[in-house]
Amino acid sequence: TIRDLDWPLTIVTMALCALGILQIYSATLNTKWEDAWWKQIIWVATGLVMMWVVSIFDYHALIGRALYMYAICLVLLAATLVLGNKVFGSTRWIGYGSFRLQTSEFVKIVLILLLAKLLTDWKLDTLEWSDLVKLGAFVVVPMLLVMKEPDLGTSLTYLPILISGVLMAGLRWKYILILVTALIITLPIGYHFLKPYQKDRLVSFIYPDRDPKGTGFQVIQSKIAVGNGGMWGRGAKESSQTHLGFLPVPHTDFIFSSFAEEHGFIGVVIALVLYFLLIMQVVQNAQTATDRAGLYICMGVAALLLFHVLVNVGMVVGRMPITGIPLPLMSSGGSNTWSVFLMLGLVNSVRLRRFVY
């Protein structure tokens, strides 16, 4: 019932959404995106309904259909590559007219369910190499399809889901050391397979001043915006970097830069505390789950949200490469907003089953 929903989680979620909508309104005022704030209200309202609907369904039934959903996701990702709308050089969206969905966002939900199913069905105390290979294959296939769009940022968000599931299932330390060593060795090799613009982003992350008007422009302007905020911020609609057009897409990937400039260090602390409370509430639901499937679902959601926040905030302050990963619940965008609400619906489903089993 509605009474049994995780209301602390819901209240924190809506508080973050409110901050996001207000910041989107301020950042896009008198720009070509000035209608983005009311669209975000619609996405949040419909997302809230989606969260409630998903929470009603027994997550065990959803897990049982995870393989079918996984197959559908692969078909949709392939269809996006063939039939999708190209925006800014990437084919990430599929839809008709003005309605578009970023299919790769919803793959996250299916991967969380699929890994929960596999790890629960196997009933292992610790994972072996063969298990790691199987799990990795299920994650790598959609990753490669999303990287083909190209969308490196979203493809990387699938990794924390895998890592969370593997660590929760149990993994020997020697395996972890071997995997970390292999990752360090293969990173330089992987660099050569990146697109030219992706290589430029990595270089601009390390040396932003090398091309301050080109590849380093976004990083430099974002850091200036954050610094301009000071302790208390410049005030809503008073931010120079945002409203003079120096800050790129201030309502999506760089919304945290705009927020920091207008609300300062105090505002940033409040936002980060809200994210901390949200993630901890998800973890608390994992701790009280009635079975391992619920544990895997909640921890997968927590790991994904943490990854999004760390990478986005790290990106806008110049501590992470620019990857185009949105800030959950605050960045403008329907697909990401809906996917987050659907994941929180799964968390609520796990919570509600405590009163059934």
Original post:
In percent, what relative contact order does segment 172-249 have, based on Cα pairs under 8 Å that are 6 or more apart in sequence?
Top reply: 17
Original post:
Relative to the first principal axis of the alpha-carbon coordinates of the chain, what is the inclination of helix 7-27, with its axis defined by its Cα atoms, in degrees from 0 to 90 and to the nearest 10?
Top reply: 30
**OP:** Give the peptides 289-300, 163-174 in descending order of average Cβ contacts within 10 Å, highest first.
**Re:** 289-300, 163-174
**OP:** Quote the charge dipole size of the chain about the Cα centre in Debye, to the nearest 20; the model charges only the Cβ of Lys and Arg (+1) and of Asp and Glu (-1).
**Re:** 340
Original post:
How big is the convex hull of the Cα atoms of the chain, per residue, in Å³?
Top reply: 139
**OP:** Please grab the % of Cα pairs in segment 23-105 that end up more than 14 Å from each other.
**Re:** 76
**OP:** Per DSSP H run of at least 4 residues, take -39500 (n - 2.57); add these up for the chain, divide by its residues and hand me the 222 nm value, nearest 500 deg cm²/dmol.
**Re:** -23000 deg cm²/dmol
Subject >> Pairwise FRET efficiency - Thr186 versus Phe276, Cβ, R0 = 56 Å, nearest 0.05 >> reply: 0.95
**OP:** Provide the descending list of Cα extents for segment 215-357 along its principal axes, expressed in whole angstroms.
**Re:** 56, 30, 25
**OP:** Quick one: angle between helix 158-169 and the longest Cα principal axis of the chain, in degrees between 0 and 90, rounded to 10, please.
**Re:** 40
Original post:
Between Lys213 and Ala61, what is the label-to-label distance in nm when each label sits 7 Å out along the Cα-to-Cβ direction?
Top reply: 6.1
Subject >> Cα gyration tensor shape of segment 187-241, rounded if a/c is under 1.5, else prolate or oblate by comparing a/b with b/c >> reply: prolate
Original post:
Quick one: putting +1 on the C-beta of Lys and Arg, -1 on the C-beta of Asp and Glu, what dipole do you get for segment 171-303 around its Cα centre, in Debye to the nearest 20?
Top reply: 420
Original post:
What is the diffusion coefficient of segment 296-355 in µm²/s, taking the Kirkwood radius over Cα pairs and the Stokes-Einstein relation at 37 °C with a viscosity of 0.692 mPa s?
Top reply: 262
Original post:
Using a 1.4 angstrom probe and counting only protein chains, how large is the accessible area of Asp121 in Å², to 10?
Top reply: 90
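The values are calculated or read from the model by the stated rules, or taken from the named source; none is laboratory data. Keep in mind that this is a model prediction, so the values were computed, not measured. Positions of Cβ are backbone-derived with ideal geometry, glycine not excepted, and every protein chain shown enters the neighbour counts. When the accessible area is computed, the model is the full protein with side chains, heavy atoms only, and any ligands, DNA or RNA have been set aside. Shrake-Rupley method; radii C 1.70, N 1.55, O 1.52, S 1.80 Å.
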